């Protein structure tokens, strides 16, 4: 399996997809930090004042022809919330890693390179296990890159944080984001293997990995599922719900949370349980159905 | 020892039996030509041999063992070569060499590419390769790890005459110089005829014949064909006067003498006996016709 992993890493490093994905993360982080910085500038305050029809020197601005005072300060709530707002909560990170891992999974079959693999490594267990491991590694790499890119970009633009979180809390949040992202990527790999179609994979990424479909299901369940026990609890088990929970709660991950189906396990516990369920489901489909499909 | 062996190998897709109980053996040093019409089951059988398709029934044995774990001793080129389109030739072979876990992979990959006439230093993406270059790279991928046997499915498809010749020479060189056993399917019978040592013929999923190169040579050799007004007397006379000449009687009552192209001794015997000769022709049987007849079920039709 190590040899398969080495080969895949070689292909990724020598290919473009990995670097394009990494560049997107960095550009998004820089763009977000730049926009956040822009709204802290006097020019932005001036523009807002002008747009709401107030004369220069009124409202938040300083009279006498001096530059207006900024509307916002260069201070973010906390680090995890910032990363979440930039890349996680929007589904940008999950869709990016899902597409990347899915394409890696699909490429072996669409290019027929799998011929070269299955001839010399006949164990499909090894093959699929390695691909799932690679997807998890990609998710880890991109989650860490997201953390690093956001930290660097916001530092570059002179931002500080209102609450300085302990490193353990940041690490725990990062692990939880990794778990959820990995679950999304594994599901994408399963879709790629079962469909062997780039179109199906992209559609899946757009509908599911962006959390769009999950949000729709959640909306329908809460709107029409009142009184139906299964529909009432279903949204709790959606990965999109995990993304929402992680978005709204940057702090207190291990504290009891009344919003959850099992409040005592806390956000960390619940996200871990739901992610694990989806990971096990994806692995089961991989080893039962995908493994038996002919190359 | 058979390098590749199938025992009652069967594959069904729904109700269709693509391969139906095929048992064949490719021996060490063979160039085994695998012949059949489109859809006869060649590719499916080869994919089962290579582990790309799971058999419905039967068994594949490689080097006298069941194929388990992996077998870098087999190199494969099935249909279109499985190339990474955005990678260079070197990156393609390196990716495979890492799968195998070769030591000194870079050097060996460079050697492999050089052996098939591709430049290891080229950065050109394989999606920009000509068909001939893709085929060569496909062979290079099959050769990574110095396999003892090659499974090649239609390696001549789409190649121009020069490319076809180069591919044939490369395969023969590998067989002769390195002792690589080759299991090759092709529609280009003419090319197979120049290199195969044994043949298997498959039709509708069944192996209808296995013949050697000598069998083909004999069946397709020049022969004298004679038809007279008295078959029995002619046969007796020729057996008596020309005892060294092999002969058989065709379905249309003609006497066929394989290997005999000089009609003079036969004509003399028949004239002296006063027999009326309806036909006396030298004919060469086309190799393609021979294989078509084998595909249709006749072992020595």
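Is the C-alpha gyration tensor of the range B:184-239 telling us rounded, prolate or oblate? Criteria: a/c under 1.5 is rounded; beyond that, a/b larger than b/c is prolate, otherwise oblate.
prolate
Listing B:261, B:164 from the residue with the fewest other Cβ atoms within 10 Å to the one with the most, what is the order?
Ordered by Cβ neighbours within 10 Å, fewest first: B:261, B:164.
Is the range B:122-181 rounded, prolate or oblate when judged by the Cα gyration tensor, a ≥ b ≥ c being the square roots of its eigenvalues, rounded requiring a/c under 1.5 and prolate requiring a/b larger than b/c?
Note, shape of the range B:122-181 comes out oblate.
So how far apart, in nm, are the two label points at residue A:265 and residue A:228 if each is 7 Å from Cα heading toward Cβ?
A separation of 2.4 nm, rounded to one decimal place.
Please work out the Cα center distance from the range B:36-115 to the range B:163-193, rounded to the nearest Å.
So the separation of the two Cα centres works out to 17 Å.
From the mean inverse distance of alpha carbon pairs (Kirkwood) and the Cα radius of gyration, derive Rg over Rh for the range B:2-216.
With Rh from the inverse mean 1/r over Cα pairs, Rg/Rh is 0.96.
Please report Rg (one decimal) and Dmax (integer) in Å for the Cα set of the protein assembly as shown.
Over the protein assembly as shown's Cα set, Rg and Dmax evaluate to 35.3, 137 Å.
Residue B:222 to residue B:194: extension gain in nm, 0.36 nm per residue of separation minus the Cα-Cα distance?
Fully extending the segment from residue B:222 to residue B:194 adds 8.4 nm.
Arrange the following residues from fewest to most other Cβ atoms within 10 Å of their Cβ: B:148, A:294.
A:294, B:148
May I ask you to order A:19-29, A:283-293, A:98-108, B:177-187 by the average number of other C-beta atoms within 10 Å around their residues, highest value first?
Highest to lowest by the protection proxy: A:98-108, B:177-187, A:19-29, A:283-293.
Under the Kirkwood approximation for Rh and a Cα-based Rg, what ratio Rg/Rh is obtained for the range B:221-284?
0.90
FRET efficiency for residue B:277 and residue B:13, Cβ-Cβ distance as r, R0 = 60 Å, nearest 0.05?
Efficiency, from the Cβ-Cβ distance: 0.65.
When a/c reaches 1.5 or more, the comparison of a/b and b/c decides; with that in mind, is the range A:74-292 rounded, prolate or oblate per its Cα gyration tensor?
It is oblate, given that a/c is not under 1.5 and a/b is not larger than b/c.
What distance in nm lies between label points placed 7 Å from Cα along the C-beta direction at residue B:169 and residue B:288?
2.5 nm
Using alpha carbons only, how many degrees (0 to 90, rounded to 10) separate the axis of helix A:17-38 from the longest principal axis of chain A?
20 degrees
If I fit a long axis through the Cα atoms of helix B:105-115 and take the longest principal axis of the Cα atoms of chain B, what angle between them do I get, 0 to 90°, rounded to 10?
The answer is roughly 30 degrees.
Using the 10 angstrom Cβ neighbour count as an exposure proxy, how do B:286, B:104 rank, fewest first?
Ordered from fewest to most neighbouring Cβ atoms within 10 Å, B:286, B:104 come out as B:104, B:286.
For helix A:212-224, what angle does its Cα long axis make with the longest principal axis of chain A, in degrees from 0 to 90 and rounded to 10?
Taking Cα atoms only, the helix is inclined about 80 degrees.
Read-outs throughout are calculated quantities, based only on the coordinates presented, and are distinct from any laboratory measurement. Predicted model only: the values in this text are computed from it and were never measured. When we count neighbours, we look across all protein chains shown, and the Cβ atoms used for this are built from the backbone with ideal geometry, even at glycine.
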